[in-house]
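What follows draws every value from the coordinates through simple rules; no lab data is involved. It should be emphasised that the depicted structure is a prediction, and the values quoted were computed from it without experimental measurement. As a convention, Cβ positions derive from the backbone with ideal geometry for all residues, glycine included, and neighbour counts pool all protein chains shown.
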Amino acid sequence: MSNSSQTEESKEGNILPSSVSQVGIVTKYEISNYFRSRRFFILLGIGLAISALLTFLIAHYGVSSFGTTSLDFYSGWWGRSATFIVVFCAIFFGGDAISGEFQNKTGYFLVGNPIRRSSIYIGKWFAALAASLIILGVFTAITLANGLYYFPSSVPYQFEESFVFTLVYLISALGLTFFFSSLFKSSSFSILVTVILLLFGFSLIEELIFVFAHIEPWFLLSYGSEIVGDILTNPYPQHTIQTTGFGPGGRGPTFTTYNPTIPEGLAIMLIYFTVTAVLGLVLFERKEFT
Amino acid sequence: MPSIEAVNLSKKYGSFTALDSLNLKIEGAKCVGFLGPNGAGKTTTLKIFTDMIRPSAGHAMINGITVHEHKRKALAHCGALIETPEIYPSLTPSEALSMIAELRGVPHSDRSRRISEAIEEVKMEEWADKKVGKFSKGMKQRINIAAALLSEPDIILLDEPTTGLDPRGMSEVREIVRSLKQKSRLIFMSSHLLNEVSDVCDEVAMIDHGKLLVYDTLANVTSKFSGDGSDGSVEIGTLRPLDEEILKSNVASIPGVLSFERIDVKNARVRFSGGPESQERILVALVTMKIGLISFRPSSSALEDTYLNLIKDTL
């Protein structure tokens, strides 16, 4: 966007906004489109359903089922659910954000105007982020309401950290889904790929690596996102844990499990975001409306 | 002066050549029809001009600015309607046009007026605040036309703009194009409808297999390429019923006239030879006859002849 600040007045009195301003305009209208869409309310319903289920379970089985401290409570509630909310938001709002422009031909309405494709891409990304933040905000509010009801004295600082890590995960997951959305022209195909990858694919690969390759899965986004839950355990899990099994003659094979350190987890998520955002942008810039 | 120019413009999809070194320069306020059979390269050309696809070679320029190097600047004074775009279904026409107005920098003080005028121009006032998702294809196309006109651009690129419209809608679009001509715009319009082109366009460019076959005024093209290469025909319309017998003898005496044929009570076709000079002579003579002449235009059949001759030659 090297010339983004350039403006030029036409004889009709139009002054072309800068590319940055155009990002804001796209974001504004995309958000209003999201807020009227069925998918936003479905996702809001999913978030509320998860919250309601957790509220019911704690009320029914008692808060002790999560543990005795407030940290245990937040670990049981937030640590297990927040990443699912993020994954759903990324799939719902990012899965077909760009591919839909091709398949539904909405791109034809925008691209023929004096606007860079990058402004459209970034504007749509910000709108998806804003819509996701509202869903996440509602889930966070219900989490805190329950947390403060059962442990009114304090909110552990680890929860604040976990919340920030969740935001970083959301940003990187949206970057990833936007990338796949740019890669394909079919909405259903791009959604399917992101669903498979984020809901099952990463976990499956991580499991296979654990069983067969015995290496640290530092290249998987899901591995990096484990810091969201890990920060809510005290003490923080060790980076490597060696477990020796029992074999027929006594000692069995030794297994090594890995937990990402906080800097490592943050780095994985931020690198994922950077790489997928750049690749997604390049793909969208090059893709043709044929 | 508004201008668009294709310089050695080529587009290949694998082994298929959609555009083959197209060179075309159009300058000034006029309406140019862009004709060609399916797959000739019309939409490809317009998509390159609007940065929807990239050329394999050559470049497209709007007002002397290369679209692919300076898209924002090149398209700042150009409104376009390519195929039938879809609008975000949850937006209303007012909101969709407001988005385009903001993106194009229509002044805030002027925005409501221009949106209202654009909606009025495409006869969608009743639907201005209804969600686009429930609209028919024709209604959406009207909004798309409004979006292309909203910023009052110097140059308007239209890709088969009457697609999906009912006969009334088609007629209204032709009326819009005519009114734009009055406002000194350059209109470049692809179409399959030869009568539509002969009705509203001043010039015509024909393309086939990605190559430009001809670009000239409608009169020159039809006189050069229809029939035996020298004949042309015009359709005339009059305010009063035509007296065939008197006219036949009077019109037949005009130098260059080959035949006079009444189409209906108030319309007739005059075939002539001698190109635009004859055409001018016939027009002057008909006006002098005081028959209540209200329209005089090259007949679509002449353009059809031209089209069929040129396209046939390239098969």
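Choose one answer from B:274, B:79, B:210: the residue with the largest mean-square fluctuation in a GNM of chain B with alpha-carbon springs under 10 Å. Sorting by GNM fluctuation, first place goes to B:274.
In the protein assembly as shown, a dipole from Cβ-located charges (positive for Lys and Arg, negative for Asp and Glu) runs towards its positive end, and of A:164, A:53, B:118 it is B:118 whose Cα lies farthest in that direction. Note on residue A:242/residue A:150: beta-carbon distance plugged into 1/(1 + (r/R0)^6) with R0 of 45 Å gives a FRET efficiency of 0.80.
Among B:83-94, A:173-184, B:122-133, the peptide with the highest mean count of other Cβ atoms within 10 Å heads the list, and the full ranking is A:173-184, B:83-94, B:122-133.
Could you sort out which of A:105/B:131; B:73/B:181; B:183/B:290; A:124/B:131; B:30/B:71; B:134/B:183 sit more than 25 Å apart by Cα distance in this structure? B:183/B:290; B:134/B:183, as the Cα separations exceed 25 Å there.
Dipole magnitude for chain B: computed about the Cα centre from +1 point charges on Lys and Arg Cβ and -1 point charges on Asp and Glu Cβ, it is near 580 debye. In the protein assembly as shown, the convex hull through the Cα atoms has an average projected area of 36.3 nm², a quarter of its surface area. Annotation: average projected area of the stretch B:226-314 is 5.4 square nanometres, based on the convex hull of Cα atoms across all directions.
The residue list B:294, B:258, B:273 was ranked by how far each Cα lies along the charge dipole of the stretch B:252-315 toward its positive end, using unit charges on Cβ atoms, and B:294 comes out on top. With axes computed from alpha carbons, what is the tilt in degrees of helix B:167-182 against the longest principal axis of chain B, rounded to the nearest 10 within 0 to 90? The helix B:167-182 is inclined about 90 degrees to chain B. Against chain B, whose longest principal axis is taken from its Cα atoms, helix B:108-121 shows a tilt of about 40°. The Cα center of the stretch B:86-103 and the Cα center of the stretch B:232-247 differ in position by 48 Å.
Over all directions, the projected convex hull of the C-alpha atoms in the stretch B:119-222 averages 7.5 nm² in area.
Once R0 is set to 41 Å, what does the formula 1/(1 + (r/R0)^6) return for the Cβ-Cβ distance between residue B:264 and residue B:308, expressed as a FRET efficiency to the nearest 0.05? For residue B:264 and residue B:308, the calculated efficiency is 0.95.
Taking amide H as placed 1.01 Å from N in the peptide plane, the amide H of residue B:212 sits under 5 Å from that of B:23, each at least 5 places away or on another chain.
For chain A, the membrane-span-like helix rule (DSSP H, alpha carbon extent of at least 20 Å along the helix axis, mean Kyte-Doolittle at least 0.5) picks out A:38-61, A:117-150, A:157-183, A:262-286; this says nothing about an actual membrane. Using alpha carbons only, how many degrees (0 to 90, rounded to 10) separate the axis of helix B:300-314 from the longest principal axis of chain B? So the helix axis and the longest Cα principal axis differ by about 70 degrees. Mean per-residue shielding of peptide A:23-34 is 3, counting Cβ atoms of other chains within 10 Å of each Cβ.
Computed from the Cβ-Cβ distance with R0 of 51 Å, the FRET efficiency linking residue A:270 to residue B:184 stands at 0.45. Comparing Cα centroids, the stretch B:53-83 and the stretch B:252-271 end up 45 angstrom apart. With each label modelled as a point 7 angstrom along the Cα→C-beta vector, the residue A:288-residue A:36 pair spans 3.4 nm. Set against the 2.2 N^0.38 Å expectation for a compact globular protein, chain A has a Cα radius of gyration ratio of 1.16. Centre-to-centre separation between the Cα atoms of the stretch A:76-92 and those of the stretch B:131-164: 41 Å.
Just so you know, the Rg over Rh for the stretch A:95-196 is 1.14, from Cα atoms, with Rh as the Kirkwood radius.
With Cα atoms as the point set, the radius of gyration and Dmax of chain B evaluate to 21.3, 64 Å. In the protein assembly as shown, what % of DSSP beta bridges are antiparallel (nearest 5)? Beta bridges within the protein assembly as shown, antiparallel portion: roughly 70 percent.
Among the residues of B:147-159, the average count of other protein chain beta-carbon atoms within 10 Å of the residue beta-carbon is 2.
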